[in-house]
Amino acid sequence: MIKNSLTLLLIITLFFSCNDKKEQRYVSASSGNINSIVVVADNLLWENKVGDVVRDVLAAPVEGLSNEEAQFTMSQMPPAVFTGFAKKNRTVLKIEKGKEAATKIATDAYARPQTMVVISGQTNAEIIDQINANAEKIIDAFKKTEVTERQRRTSKSLFDDSKLKEALGVSLQFPSAYRIAKAEDDFFWIRRDIETGNVDLMVYEVPFSAIRKGDSAVVDVVRVRDSVGKIHIEGALEGTYMSTEPAFTPFINEVIVDNKASYETRGLWDLKNAYMSGPFINYAIEDKVNNRYVIVEGYVFAPSIAKRDYIFELESIIKSIAIQ
């Protein structure tokens, strides 16, 4: 009797085990450059108003750069070519005409990680309506995927952030290619040299009262960063220091970072009394437990070359923050 029961139990186990294996789906690793999207659409759609709207949405300029740079680089291919290796792209926008109007977001359909947005409609007008109505959702889906991918690449070789943890109670994942150039008075200046300049981070704290809510927030963020820049970020020549470019109005948005309400500010910096400038991205993160704002800012000095991907690298680093 016991022998029969054990045999039955073994058969049941093997049955469910086989079923589980059948349900598992193995997909290969995705590929593609950061912030590059493959658009799968008929050539006629791509070359008419539908393509224009896609470009208006996904190739819109990145806020806060001195020169216009598209937030995503796009390459188009007709559906017949979307086979084999092409299906392994990490971010895909697929347009299907002749189907019910809808916008769907698929995860890991052909590779992992992968985000594929499928937009459909019976007519060009329906497809355009879907793109416009869901533009924010589409951009957000692609951007989250790219931030995660950038952070994954960064995690392969991390700098030891123990000094940040000890001084500010902050963990930040940034590559070992960076170095701490200054650490004083709870202020950290973290730098990476590139061929044409440098990519830098600043981490510090200010009292909760330093940044007011509402319309005053951008004024306070600029005031704080200018005062910190004057003290800590000096140029090679005497009397030169970092400040906010007054001729360029910064963009400010309310966002969530580390599950905390934050202000994201993008704009241009310049070196007072010198000829150096570039874009910055600044996050003022509420830390109510410690009655402070944690400020993390990244900025780029890279004259005469594209800066989108450097700013995006800094954004992905800042979004890895964990406040203790």
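The values are calculated or read from the model by the stated rules, or taken from the named source; none is laboratory data. What you see is a predicted model, and the numbers here were worked out from it, not measured in a lab. A quick note on method: Cβ atoms are made from the backbone with ideal geometry, for glycine too, and the neighbour counts reach across all protein chains shown. With ligands, DNA and RNA removed, areas are computed over all heavy atoms of the protein, side chains included. Shrake-Rupley method; radii C 1.70, N 1.55, O 1.52, S 1.80 Å.
Summarising the label geometry, the points placed 7 Å from Cα in the beta-carbon direction at ALA70 and ILE139 lie 1.5 nm from one another. Charged side chains reduced to their Cβ positions (Lys and Arg at +1, Asp and Glu at -1) give the chain a dipole of some 1380 debye around its Cα centre.
Ordered from highest to lowest accessible area with the whole protein assembly present and a 1.4 Å probe, THR154, THR123 read as THR123, THR154. What whole-number distance in Å separates the alpha-carbon centres of the range 99-121 and the range 250-321? Value for the Cα centre distance between the two parts: 31 Å.
Electrostatic tally near TYR283: other residues with Cβ closer than 13 Å to its Cβ, Lys and Arg +1, Asp and Glu -1, net -4.
Close amide H partners of MET74, meaning residues 5 or more places away or on another chain with modelled amide H under 5 Å apart, are ILE37. In this structure the amide hydrogen of ASN89, modeled in the peptide plane, comes within under 5 Å of the amide hydrogens of SER31, none closer than 5 places in sequence on its chain. When the surface is traced with a 1.4 Å probe over the full set of protein chains, SER75 keeps roughly 60 Å² accessible. Using protein chains only and a probe of 1.4 angstrom, how many square angstrom of ARG152 are accessible, to the nearest 10? Approximately 110 Å² for this residue.
For the pair ASN48 and VAL219 in one chain, pulling the backbone fully straight at 0.36 nm per residue adds 57.3 nm over the alpha carbon distance. Annotation: amide H-H contacts under 5 Å for LYS182 (H modelled 1.01 Å from N, sequence separation of 5 or more, or interchain): TRP189.
Springs between Cα atoms under 10 Å define the GNM used for the chain, and in it the highest mean-square fluctuation of VAL117, VAL38, VAL224 occurs at VAL224. Computed from backbone phi, the HN-Hα couplings of the range 152-157 come to 4, 5, 4, 5, 5, 8 Hz, rounded to whole numbers (Karplus: 6.51 cos²θ - 1.76 cosθ + 1.60, θ = phi - 60°; Gly and Pro given as x). Relative to the globular-protein estimate of 2.2 N^0.38 Å, the Cα radius of gyration of the range 169-324 stands at 0.98. According to the calculation over all Cα-Cα pairs in the range 15-146, the P(r) per 5 Å bin from zero is 2, 10, 19, 22, 19, 12, 7, 4, 2, 2, 1, 0, 0 %. According to the calculation over all Cα-Cα pairs in the range 176-249, the P(r) per 5 Å bin from zero is 3, 13, 20, 22, 21, 13, 6, 2, 0 %.
Quick one: of the DSSP bridges fully inside the chain, what percent are antiparallel, nearest 5? Don't skip to the answer; put the middle values down first.
On the way: 60 of 78 bridges.
DSSP beta bridges in the chain are roughly 75 percent antiparallel.
Coordinate range of the alpha-carbon atoms in the chain per principal axis, descending: 84, 65, 40 Å. By accessible area, using a 1.4 Å probe on protein heavy atoms only, the range 205-299 has 53% of its surface on carbon and sulfur.
In what order, largest first, do THR83, THR240, THR107 sit by accessible area if the probe radius is 1.4 Å? Please list the in-between numbers first.
Values: THR83 80, THR240 5, THR107 100 Å².
The ranking, largest first, comes out as THR107, THR83, THR240.
Note on the chain: GNM, Cα springs under 10 Å; of GLU286, GLU195, GLU126, the largest mean-square fluctuation is that of GLU195. Sorted into 5 angstrom bins from 0, the C-alpha pair distances of the range 171-217 split as 5, 16, 22, 17, 14, 13, 10, 4, 0 percent.
What does the convex hull of the alpha-carbon atoms of the range 252-293 project to on average, in nm²? Don't skip to the end; give the middle numbers.
On the way: hull surface 15.1 nm².
Result: a mean projected hull area of 3.8 nm².
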